[in-house]
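For reference, the structure is listed below as structure tokens.
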Amino acid sequence: MTFDELQKAWQSQQENYKSKIDSNLILKEVKRNQRHFESAILRRDIGEIGCAVLLIAVSLYFGIKDRLWPMWLLAILCFWVGVFMVVDRIVQKRRQPCVSDSLFNCVKSSLAQINHQIWLLKNVLWWYLAPLGAGLIIWFGYCGISVMISENPTGGYLLFILACIVGTILLYWGIYWLNQWAKRKELDPRKYELEELMNSLKNTQV
């Protein structure tokens, strides 16, 4: 083997070794980000499911105690939100691919998680905000009608009920806007980064 051939062989080994190191570093970073993302999503889901359970308990208590059908309806709507979140977590857990040390599979798994969270935020209106908001508005409306048909309706109380309805609508609109902002500022950029990384892995066959 000549000196030039030996030099080329050595350079090729260096490039392969560097590529292997870079791949390992990227894999560790992707896994670290994935664990951090899963932990944040788990904390969020636990908090929201806990709030749903608390609202169900409170609604059932007053619904049974005072025989108020709007509170029963609110409990059912809260139950729907809680069940949706639990079932969604179970389904997504089963759809997750098996744990693998492959960089491509790890990126693919992370991208699937991001895409699903983007879908949840885009559709948060119908599966989360609309049921809870509708339950509260119906409750406030029921209170307003009860005051109107009473013997001594008070204008101040009716204005308070109206303010509660308008406040609920504005609050849930603000929550919806914040969810869409989070999707644009946090999830969409991460999705594009993972898509670029996946395309580069396909091209280089890492």
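The values are calculated or read from the model by the stated rules, or taken from the named source; none is laboratory data. Worth saying up front: this structure is predicted, and the values here are computed from it rather than measured. Ideal geometry is used to build each Cβ from the backbone, glycine not excepted, and the neighbour counts take in all protein chains shown. Quick note on the areas: whole protein, heavy atoms, side chains included, nothing else; ligands and nucleic acids left out. Shrake-Rupley method; radii C 1.70, N 1.55, O 1.52, S 1.80 Å.
Some observations on this one:
- The criterion of being over 26 Å from Gly63 (Cβ atoms), over 19 Å from the mean Cα position of the chain (by Cα) and free of Cβ contacts under 8 Å to residues at least 40 places away in the same chain does not hold for Glu186.
- A residue that is open to solvent by less than 50 Å² (accessible area, probe 1.4 Å), under 22 Å from Leu54 (Cα atoms), aliphatic (A, V, I, L, M) and in contact (Cβ under 8 Å) with a residue 40 or more places away in the chain occurs nowhere in segment 113-122.
Residue-wise test of (1) of a type in the set (Phe, Trp, Tyr); (2) in the same structural domain as Arg44 (by TED's automatic domain parsing).
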site: Val58; (1), (2): no, yes
site: Tyr61; (1), (2): yes, yes
site: Lys65; (1), (2): no, yes
site: Trp69; (1), (2): yes, yes
site: Leu73; (1), (2): no, yes
site: Phe79; (1), (2): yes, yes
site: Phe84; (1), (2): yes, yes
site: Arg89; (1), (2): no, yes
site: Asn105; (1), (2): no, no
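- For segment 11-30, the criterion of being farther than 22 Å from Ser200 by Cβ, at pLDDT 65 or above, open to solvent by 80 Å² or more (accessible area, probe 1.4 Å) and in a helix (DSSP H, G or I) is met by none of the residues.
- Residue count, segment 46-59 (criterion: out of contact with any Cys (no Cβ under 7 Å at 6 or more places or on another chain) and open to solvent by less than 60 Å² (accessible area, probe 1.4 Å)): 5
- Some residue of segment 72-90 being modelled with pLDDT under 90 and not in a helix (DSSP H, G or I): no
- Search result, residues across segment 60-92 that are open to solvent by 60 Å² or more (accessible area, probe 1.4 Å) and not hydrophobic (A, V, I, L, M, F, W, C): Tyr61, Lys65, Asp66, Arg67, Arg89
- Applying the criterion of being open to solvent by less than 50 Å² (accessible area, probe 1.4 Å) and farther than 30 Å from Ile118 by Cα to the residues of segment 156-184, the residue that is modelled with the highest pLDDT is Cys164.
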